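Trainee: Structure incoming, see below.
The values are calculated or read from the model by the stated rules, or taken from the named source; none is laboratory data. Because the structure is predicted, anything quoted here is derived from the model rather than measured. Every residue, glycine as well, gets a Cβ built from its backbone with ideal geometry; the counts of neighbours run over all protein chains shown. Quick note on the areas: whole protein, heavy atoms, side chains included, nothing else; ligands and nucleic acids left out. Shrake-Rupley method; radii C 1.70, N 1.55, O 1.52, S 1.80 Å.
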Amino acid sequence: MMTLEPHGADTFVAVGPQYPWGGLYGGQIVAQALRAAAATVDPSYRVHSLHAYFIRRGDAEEPIRFEVDRIRNGRSFTTRLVVARQAVGAILNMSASFQVDEPGPDAQTALMPPVPQSEELAGVSWLRMFERRMVPTPSERGRALAWLRLNDPIDDDPALHACALAYMSDDLPTDAVVALEHPDHLGQWGEFEERYWSASLDHAIWFHRPVRADEWHLQEFTCHGLMSSRGLSVGHVFDRNGTHLATISQEVLLRSSRG
């Protein structure tokens, strides 16, 4: 899925798997857009942030065309703009910024909450690509925690691990929004899907430290509010040692089903 085929100058084509709902998974499009952007950047630059908007529903039956615009090549920072297109038009646009590693203070204030380890929890996965183990949060509205990891081991390419984290990062934000008004359905959609409909609107990731996406990491999300059918979900990503690896934010559209 992460093997993008060149299709002209700074243009790449990719495909994705079939998903249960028939469309494309937002995390896939973000991950592939990041992969396309990284392909135009010197490996000495590492992604430190991305900001994406989901514009239209993607079609799993079609390839996706990723067009990269080299906005700026700086000595410390490099910026890319990526537009993902299908026959219907643009389905996503994303800006990404890359930085050369430099010496400086390394401190964190975000703390990993006390939770059971992944081995103590049952796996709940809707996709073969990665495994998710939900952390129970009884009586906590607007909160969702889970251990996640990519099922297939990947090499030491830091850009590929960042793409893998981007892929998984679109999974849990919706659960936190759902848990604000419907905590009993956390991680268990079932009949809930018949009454409600959701979609990712926009997505941002700040990569603080290198991540191993094929090792267990904890994602902790909190929904900060729900208004005009839009819920804002903000999360932190920690490794097993409690190191703060990344911060994620997403707006989720949550509506009653129109049938």
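Trainee: Sequence-distant or interchain residues sharing an amide H contact under 5 Å with Ser49, placed H: which?
Mentor: Ser97, Phe207
Trainee: Same structure, new question: I'd like to know which of Gln250, Leu150, Pro43 lies farthest towards the positive end of the charge dipole of the chain, counting +1 on Cβ of Lys and Arg and -1 on Cβ of Asp and Glu.
Mentor: Among Gln250, Leu150, Pro43, the one farthest towards the positive end of the dipole of the chain is Gln250.
Trainee: If you roll a 1.4 angstrom probe over the protein chains with everything in place, what fraction of the accessible area of the chain belongs to carbon and sulfur, to the nearest %? Write out the running numbers ahead of the final one.
Mentor: Working: 6350 of 12640 Å².
About 50 percent, which is the carbon plus sulfur part of the accessible surface.
Trainee: Express the relative contact order of the chain as a whole percentage, based on alpha carbon pairs under 8 Å and six or more residues apart in sequence.
Mentor: Relative contact order here is 18 percent.
Trainee: How big is the accessible area of Val178 in square angstrom, nearest 10, if you roll a 1.4 angstrom probe over the protein chains?
Mentor: Rounded to the nearest 10, the figure is 0 Å².
Trainee: Count the net charge of all other residues whose Cβ sits under 10 Å from the Cβ of Glu67, scoring Lys and Arg as +1 and Asp and Glu as -1.
Mentor: Details: positive: Arg65, Arg85; negative: Asp10, Asp69.
In short, 0.
Trainee: Counting only heavy atoms of protein chains, what accessible area per residue, in Å², does segment 58-105 have with a probe of 1.4 Å?
Mentor: With all protein chains present, segment 58-105 gives 55 Å² per residue.
Trainee: Between Glu102 and Leu81, with labels modelled 7 Å along Cα→Cβ, what's the label distance in nm to one decimal, could you check?
Mentor: 2.5 nm
Trainee: Going through segment 54-119, which trypsin sites (Lys or Arg not before Pro) have at most 11 other Cβ atoms within 10 Å and a DSSP loop state?
Mentor: Arg75
Trainee: Of the peptides 9-19, 167-177, 233-243, how do they stack up when ordered by the mean number of other Cβ atoms within 10 Å, highest first?
Mentor: So the peptides 9-19, 167-177, 233-243, ranked by packing, come out 167-177, 233-243, 9-19.
Trainee: Measuring from the lowest to the highest alpha carbon on each principal axis, how far does the chain reach, largest first, in angstroms?
Mentor: 50, 47, 34
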